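The values are calculated or read from the model by the stated rules, or taken from the named source; none is laboratory data. Keep in mind it's a predicted model, so treat the numbers as computed, not measured. Every residue, glycine among them, receives a Cβ derived from its backbone with ideal geometry; neighbour counts consider all protein chains shown.
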Amino acid sequence: MKYPIGIQSFDRIIEDGYVYVDKTDMIYDLTHEGGIYFLSRPRRFGKSLLVSTLKNYYLGRKDLFKGLAIDGMEKEWNVYPVFHVDFNGGNFTNAGELELKLNFCLSEWEHLYDMPVRQNELGYGDRFVEILRTAHAKTGRRAVVLIDEYDKPILDVLDMSRELEDRHRNVLKAFYSVFKGADAHLQFVLLTGVTKFSQVSVFSGFNQPKDISMDARYETLCGITQDELERYFAEPVELMAKDYKCSTDEMKQRLRRQYDGYHFSDRMTGVYNPFSLLNAMDSRRMYDYWFRSGTPTYLIRLLAHFNENMNELTGKYYAMEEFIDYKADVERPLPMIYQSGYLTIKDYNMRHNTFLLDFPNDEVKKGFLTMIASSYLQPRERLNGWIFDVIDAMEAGEADSLRTLFTSFLSSIPYTMRRKDNEAERERYFQYTFYLIMRLISVYTVYTEKVQSQGRVDCVVETPQYVYIFEFKLDGTADEALSQIEDKGYAREYESDSRRVFKIGASFSSETGTISDWKVQD
């Protein structure tokens, strides 16, 4: 089986025999609804392949679709004039790059339809309207416009250069204004991107594209569902199970925890990250492929201004407008974090029409928290190596050695990072530090601030052989922490558990920034 890793061309995938997960039934429905559409999905989620598929469909290349769902649905296979703009390849941090890109596209289309190049006579929108009008007149069919990563020229410079950001907004606003003036010449329009900018941005001045990003009918238009995994990848999953020395069902569960978990509507159909899943099928190894492919620079820049803690942001219900409809800026990073794929919908409350947001899967949770922890704490100790040492100690039941590991890691955090001016900030830093640390080792079941009948335990870590119950105190004593575990009965629910239970009381010193007292009860 050939896997189209990094290949975004539909015709190449079909002609060269790569595996293709058939989405053409949804494409048929989408194209026969008509109109102007917008679709938001995270990076490397198949948006460019969708655009390429639509392009070949509207070019009437019936031979490429033989045997696919749309082959039995479409009867006419008309050929339309297609105008495709792909902003993926440009580096728009360079002033003038956006204008060069648009002028190149417009000039090519003017040549294609034997028109004079009117670069110095008309604006971008007016030139495009004339091109669409001419294409309609010469072919007898309305035009199809496909714009991939429409927002990249803005995201590239977001929080870098306000002057260049405003310039790009104005240029794109002029270019996209064509959708108002050329309505009579348009058959179908799709814009894809990561973010949805508000009406005060590039879409002002004309009717908004219909946003299908959370439309239940198209929630699986990009990505791979569990049914599709089992239908298209049964053989490689079995081979992976042999490599990992587990059953096929267990292998599916591992893949689901690692790469599944995205939801794009209130229907809550699970979607795998296609980039990670295809890489895993190809190499037959479960690595963090999507996260290793790079964190967008715009998100790193936004998070540098982020004053909230991730534990205050995740695991909460939000109204849709709080993470979908917005103007991207540094003061409200939640929508950017969500639409970039680092958070997803985990539950829907129909009564209140609110959505629970949290990490989609283990790959994203581990990678994102590692990035946040490295930025927030800036430890001198190598983070990944320390995490593996903690996991090894927990697997071996070496509760006493955890003190050394925690102490060394906390000691490696620079004083300037942990210095806080008041008691409330010191308490917040202390809580968030341990939240990040415990979530980072959540290769096992980890509960932070776990609610029980008599209180809220700081942290519980469950491994196959051991249960670790942690209670931390700021500038207190380990005995006080252990007394709280006993008084509140935090270990009571594990009385009939066959695993060995460790109760750990620890004190964190705000003066030294590390562990000052540590006791273990077995």
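Does residue 1 count as modelled with pLDDT under 95 and surrounded by fewer than 21 Cβ atoms within 10 Å (Cβ to Cβ)? Spelling it out, residue 1 is indeed modelled with pLDDT under 95 and surrounded by fewer than 21 Cβ atoms within 10 Å (Cβ to Cβ). Any residue at all in the range 139-153 that is modelled with pLDDT under 90 and under 23 Å from the mean Cα position of the chain (by Cα)? The answer is yes; a qualifying residue exists.
Among the residues of this structure, residue 346 does not count as one that is within 17 Å of residue 290 (Cα to Cα) and either among the basic types (Lys, Arg) or in a loop (DSSP other than H, G, I, E, B) (or both). Here residue 88 meets the list (1) within 20 Å of residue 188 (Cα to Cα); (2) in contact with a Lys or Arg (Cβ under 8 Å, 6 or more places away or on another chain) almost entirely, failing just condition (1). Looking only at residues of the range 390-426 that are touching a Gly at 6+ places or on another chain (Cβ under 9 Å) and of a type in the set (D, E, K, R), we find that the one that is surrounded by the fewest Cβ atoms within 10 Å (Cβ to Cβ) is 419.
Can you confirm whether residue 399 is of a type in the set (Gly, Ala, Ser), under 27 Å from residue 487 (Cβ atoms) and at pLDDT 80 or above? Taking the combined requirement at face value, the residue satisfies it.
Look at (1) modelled with pLDDT of 95 or more; (2) surrounded by 14 or more Cβ atoms within 10 Å (Cβ to Cβ); (3) out of contact with any Ser or Thr (no Cβ under 7 Å at 6 or more places or on another chain) and you find that residue 37 fails only one, number (1).
What is the residue count in the range 393-410 for residues that are within 22 Å of residue 377 (Cα to Cα) and under 32 Å from the mean Cα position of the chain (by Cα)? Summing the residues that are within 22 Å of residue 377 (Cα to Cα) and under 32 Å from the mean Cα position of the chain (by Cα) in the range 393-410 gives 4.
When the range 47-64 is filtered for residues that are of a type outside the set (S, T, N, Q) and closer than 30 Å to residue 341 by Cα, the ones remaining, listed by number, are 47, 49, 50, 51, 54, 55, 57, 58. For the range 478-522, enumerate the residues that are polar (S, T, N, Q), surrounded by 14 or more Cβ atoms within 10 Å (Cβ to Cβ) and farther than 17 Å from residue 426 by Cβ. Across the range 478-522, the qualifying residues are 484, 521.
With 252, 245 as the choices, which residue is farther than 14 Å from residue 42 by Cβ, in a loop (DSSP other than H, G, I, E, B) and not polar (S, T, N, Q)?
On the way: 252 fails: in a loop (DSSP other than H, G, I, E, B).
After ruling out the rest, the residue left standing is 245.
Only one residue in 206, 179, 197, 188 is modelled with pLDDT of 85 or more and not assigned by TED's automatic domain parsing to the domain that holds residue 264, so which one is that? Walk me through it before giving the result.
Details: 206 fails: modelled with pLDDT of 85 or more; 179 fails: modelled with pLDDT of 85 or more; 197 fails: modelled with pLDDT of 85 or more.
Going through 206, 179, 197, 188 in turn, the sole match is 188.
Output the helices (runs of 4 or more DSSP H) that fall wholly within the range 411-522 and possess 2 or more residues being of a type outside the set (Lys, Arg), closer than 26 Å to residue 382 by Cβ and at pLDDT below 90, or say none. Even if it seems obvious, please write down each step before you answer.
Details: elements: 415-418, 423-440, 478-487.
In the range 411-522, 415-418, 423-440 are the helices (runs of 4 or more DSSP H) which contain 2 or more residues that are of a type outside the set (Lys, Arg), closer than 26 Å to residue 382 by Cβ and at pLDDT below 90.
Which one is surrounded by the fewest Cβ atoms within 10 Å (Cβ to Cβ), of the residues in the range 177-201 that are free of Cβ contacts under 8 Å to residues at least 60 places away in the same chain and polar (S, T, N, Q)? Restricting to residues being free of Cβ contacts under 8 Å to residues at least 60 places away in the same chain and polar (S, T, N, Q), the top hit is 199.
Of the listed requirements (1) in contact with a Lys or Arg (Cβ under 8 Å, 6 or more places away or on another chain); (2) under 18 Å from residue 343 (Cα atoms); (3) surrounded by fewer than 18 Cβ atoms within 10 Å (Cβ to Cβ), residue 300 misses just one: (1). The combined condition, being within 28 Å of residue 91 (Cα to Cα), in contact with a Ser or Thr (Cβ under 8 Å, 6 or more places away or on another chain) and not hydroxyl-bearing (Ser, Thr, Tyr), is fulfilled by residue 173.
Rundown of residues vs (1) part of a loop (DSSP other than H, G, I, E, B); (2) surrounded by 15 or more Cβ atoms within 10 Å (Cβ to Cβ); (3) in contact with a helix residue (DSSP H, G or I) (Cβ under 8 Å, 6 or more places away or on another chain); (4) free of Cβ contacts under 8 Å to residues at least 40 places away in the same chain, yes/no style:
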residue	(1), (2), (3), (4)
355	no, yes, yes, no
370	no, yes, yes, no
380	yes, no, no, yes
388	no, no, no, yes
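Is it the case that some residue within the range 209-232 is of a type in the set (A, V, I, L, M), surrounded by 16 or more Cβ atoms within 10 Å (Cβ to Cβ), modelled with pLDDT of 95 or more and not in a helix (DSSP H, G or I)? Within the range 209-232, one or more residues are of a type in the set (A, V, I, L, M), surrounded by 16 or more Cβ atoms within 10 Å (Cβ to Cβ), modelled with pLDDT of 95 or more and not in a helix (DSSP H, G or I). From the list 338, 289, the one residue that fits, being in contact with a strand residue (DSSP E or B) (Cβ under 9 Å, 6 or more places away or on another chain) and either closer than 28 Å to residue 92 by Cβ or at pLDDT 90 or above (or both), is 338. The helices (runs of 4 or more DSSP H) found entirely in the range 59-176 that carry 3 or more residues being touching a residue at least 12 places away in the same chain (Cβ under 8 Å) and surrounded by fewer than 19 Cβ atoms within 10 Å (Cβ to Cβ) are 97-112, 124-139, 162-176. Annotation: of all residues in the range 11-65 being among the β-branched types (Val, Ile, Thr) and more than 26 Å from the chain's Cα centre (by Cα), the one that is nearest to residue 288 (Cα to Cα) is 14.
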